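*Asks:* Quick one: the structure is below, and I'll ask about it shortly.
Coordinate-derived values only; no laboratory data. These figures come from a predicted structure and were not determined experimentally. We place every Cβ from the backbone using ideal geometry, glycine too, and count neighbours over all the protein chains shown.
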């Protein structure tokens, strides 16, 4: 009977554990997406700054 | 004794559950961040298009 | 053969903490058990702390990814953001102004940071302590100003009269005393002894300490006749005196006396 309780407890623990791992994989995928978006935003703002520089030069 | 084993199992289960819940909150926060970043990227590209239009008009 | 009898008796721990200051070498362990950070079984402590550490790292890393914190963010602010994220209350932008409850969190975190060296232990203690104040004590904390008035009336009605005459009773530093549990107001050793009681199940100790402060500085308070001045003085009481307030005399003898009085007040309301 005691063995039963222990097996049941282990089963519950493993179930939550695997839910955690699944959730963590989602988080990791989202993290890559965020890094990518930040990269694109930064590239955009670099481009814009370069444009501004060029315009300024052209105006001179 | 059996009660003891159950209490101990519950203690462990609570910790794993809380770790899972935190991971879920992280996913939510990442989702919002991704939406926000897409919004910023779109605003940026709109701005750039408007700039191009203005330049084109000025050139005419 | 595994040992199954190595379980801490929560009830006994609470009774002990209500009556005596915890020995400092056991304090963090006992707080962690009482706040539910680790279970009462010694055997599970290592495993459960591994989970707690992983959760800490997960949340910490997530905040770095969304650029809410950086390497230069002060630890207490990191804790606040972690707490907000876990509660689903992270603001849209780190530049948003802080709410009143965030200030309470920061004050408690600052005080805890000085008592607890390990950042993971510290975060969990602050987080669970604040959650306990929000969940378990929410209603009682709102009652405390009223209980304070009743208790002060029993202890020193002249002082109460004076405070009422200057309309100070509604302006006492209740936020500092009751919401922040004296964080930033009492020196560390006193604060630990007060928090022993709060963590082990009694927020009435906060009224008791507040009244002791009022009684200790009675002469000074009687000499002031305007609410702002009194409040300002009470928010910045000289710290060298306060260790004595929370000293043995008060917490051992008068505290049980107070518990009886408080019980009387509660019973008389029924």
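*Asks:* Quick check on the exposure proxy: order C:134, C:41 from fewest to most C-beta atoms within 10 angstrom. Before the final figure, lay out each step's value.
*Replies:* On the way: C:134 13, C:41 23.
Lowest to highest Cβ neighbour count: C:134, C:41.
*Asks:* Further, regarding this structure: Can you give me the angle between helix C:42-65 and the longest principal axis of chain C, using Cα atoms only, in degrees from 0 to 90, rounded to the nearest 10?
*Replies:* Tilt relative to chain C: about 90 degrees.
*Asks:* Treat the count of other C-beta atoms within 10 Å as a stand-in for reagent exposure and order C:46, C:207 from fewest to most.
*Replies:* Starting with the residue having the fewest Cβ neighbours, the order is C:46, C:207.
*Asks:* Another question, if that's okay. When you look at the Cβ of every residue in A:41-48, what mean number of other chain Cβ atoms sits within 10 Å?
*Replies:* Per residue, the number of nearby Cβ atoms from other chains is 2 on average.
*Asks:* Here is a further query. Of C:185, C:128, C:166, which is the most mobile in a GNM of chain C whose springs link Cα atoms less than 10 angstrom apart?
*Replies:* Judging by the Gaussian network model, the answer is C:166.
*Asks:* Expressed as an acute angle from 0 to 90° and rounded to the nearest 10, what is the orientation of the C-alpha long axis of helix B:2-59 relative to the principal long axis of chain B?
*Replies:* Tilt of helix B:2-59: around 0 degrees.
*Asks:* Express in whole angstrom the spacing between the alpha-carbon centres of the range C:104-178 and the range C:38-88.
*Replies:* 26 Å
*Asks:* Report relative contact order for the range C:77-224 in percent, whole number only (criteria: Cα-Cα under 8 Å, sequence separation at least 6). Each step should come with its number before you reach the end.
*Replies:* Working: 86 pairs, mean separation 38.2, N = 148.
With pairs under 8 Å counted, the relative contact order is 26 percent.
*Asks:* Follow-up. Using only the alpha carbon atoms of chain C, find the Kirkwood hydrodynamic radius as the inverse mean reciprocal pair distance, in angstroms to one decimal.
*Replies:* On the way: mean 1/r = 0.0498 Å⁻¹.
Result for chain C, one decimal place: 20.1 Å.
*Asks:* I'd like the orientation of helix C:10-19 relative to chain C: the angle between its Cα long axis and the longest Cα principal axis, in ° from 0 to 90, rounded to 10.
*Replies:* 30 degrees
*Asks:* Moving on. Per-residue mean of other chain beta-carbon atoms within 10 angstrom of the beta-carbon, peptide B:27-40? Display every interim value, and only then the final one.
*Replies:* On the way: counts 7, 4, 12, 11, 4, 3, 13, 7, 0, 5, 8, 4, 0, 6.
Counting Cβ atoms of other protein chains within 10 Å of each residue's Cβ and averaging gives 6.
*Asks:* With the label 7 angstrom out along Cα to Cβ, how close does residue B:10 come to the same site in each of the other copies, in nm, nearest first?
*Replies:* 2.2
*Asks:* Placing a label point 7 Å from Cα toward Cβ, how far apart in nm is residue B:58 from its equivalents in the other copies, listed shortest first to one decimal?
*Replies:* Label-point separations across copies, in nm and ascending: 0.7.
*Asks:* Once you have the Cα-Cα distance between residue C:57 and residue C:101, take 0.36 nm times their residue separation minus that, and quote the gain in nm to one decimal.
*Replies:* Separation in residues times 0.36 nm, less the Cα-Cα distance, equals 13.4 nm.
*Asks:* If I take R0 = 22 Å and measure r between the Cβ atoms of residue A:44 and residue B:52 in this structure, what FRET efficiency does the formula 1/(1 + (r/R0)^6) give, to the nearest 0.05?
*Replies:* 0.95
*Asks:* For a Förster distance of 25 Å, can you work out the FRET efficiency between the beta-carbons of residue C:89 and residue C:140, rounded to the nearest 0.05?
*Replies:* That gives a FRET efficiency of 0.65.
*Asks:* Convex hull volume of the Cα atoms in chain A, per residue, in Å³?
*Replies:* Roughly 38 Å³ of hull volume per residue.
*Asks:* Now, a different point. Under the convention of a label 7 Å out along Cα→Cβ, give the distances in nm from residue B:21 to the same position in every other copy, shortest first.
*Replies:* Label point to label point, same position, other copies: 2.4 nm.
*Asks:* With springs only between Cα atoms under 10 Å apart, run a GNM on chain C and tell me which of C:47, C:35, C:163 wobbles the most.
*Replies:* Its mean-square fluctuation being the largest, the pick is C:47.
*Asks:* Just need the Rg to Rh number for the protein assembly as shown, please, alpha carbons only, Kirkwood Rh. Present the calculation step by step, with values, prior to reporting the outcome.
*Replies:* Values: Rg = 27.2 Å, Rh = 24.7 Å.
Ratio of gyration radius to Kirkwood radius: 1.10.
*Asks:* If I build a Gaussian network model for chain C, linking alpha-carbon pairs within less than 10 angstrom, which residue out of C:205, C:37, C:50 has the largest mean-square fluctuation?
*Replies:* C:50
*Asks:* I would also like to ask the following. Need one value for C:39-50: mean number of C-beta atoms belonging to other chains within 10 Å of its residues' C-beta atoms.
*Replies:* Partner Cβ neighbours, averaged per residue: 4.
*Asks:* Mind sorting C:177, C:195 by how few other Cβ atoms lie within 10 Å of their own Cβ, fewest first?
*Replies:* Going from least to most buried by this count: C:177, C:195.
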